[in-house]
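**Q** One structure coming up, written as structure tokens, with questions to follow.
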Amino acid sequence: MNIVVLGGDGYCGWATALYLSAKGHSVAIVDNFVRRQWDHELGAQTLTPILPLGDRLRTWTRLTGKAIELFVEM
């Protein structure tokens, strides 16, 4: 099944995308990174460092052989 996860850079969206991909679905993530932009503008950082989405997607593909497509909405 083809599935689009909105907000895939977020806590719930990221876990959902991984779960669905692991189950064999064709997954795409759509995100506008507004949360990261707000953090940048405020000079805030998360308590737990989170790698950029592109890095996490490459790692997922390297570990599983499954690709998750990324669409950035501006």
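**Q** Suppose we keep just the DSSP beta bridges with both residues in the chain; what percent of those would be antiparallel, to 5?
**A** If I count the DSSP bridges inside the chain, around 0 percent turn out antiparallel.
**Q** With runs of 4+ DSSP H residues as the only contributors, calculate the mean residue ellipticity of the chain at 222 nm using -39,500 (n - 2.57) per run, divided by the residue total and rounded to the nearest 500.
**A** -13500 deg cm²/dmol
**Q** Also, I was wondering about something else. Specify which residue in the list Asn32, Thr16, Thr46 is farthest towards the positive end of the charge dipole of the chain, using unit charges on the beta carbon of Lys, Arg (+1) and Asp, Glu (-1), about the Cα centre.
**A** It is Thr16, whose Cα lies furthest towards the positive end.
**Q** Another question about this same structure. For helix 11-22, report the angle its Cα long axis makes with the longest principal axis of the Cα atoms of the chain; keep it between 0 and 90° and round to the nearest 10°.
**A** Compared with the principal axis, the helix lies near 20 degrees.
**Q** Once amide H atoms are built 1.01 Å from N in the peptide plane, which residues 5 or more positions from Ile29, or in another chain, come under 5 Å H to H?
**A** Correct list: Val5, Glu69, Leu70, Phe71.
**Q** Could you give each residue of segment 39-48 its phi-based ³J(HN,Hα) in whole Hz, using Karplus coefficients 6.51, -1.76, 1.60 with θ = phi - 60°, and x for Gly or Pro?
**A** 4, 4, 5, 8, x, 9, 10, 6, 5, 10
**Q** How far, in nm, would the chain grow between Thr46 and Leu6 when pulled straight, counting 0.36 nm per residue and subtracting the alpha carbon separation?
**A** Roughly 12.3 nm would be gained on extension.
**Q** Now for a different question. Take the Cα atoms of segment 2-72, find their three principal axes, and give me the spread along each one in whole Å, biggest first.
**A** 38, 21, 17
Values in this text are rule-based calculations from the coordinates and carry no lab data. Only a predicted model underlies this, so the values are computations on that prediction, with no experimental measurement involved. With ideal geometry, Cβ positions are generated from the backbone for all residues, glycine too; neighbour counts draw on all protein chains shown.
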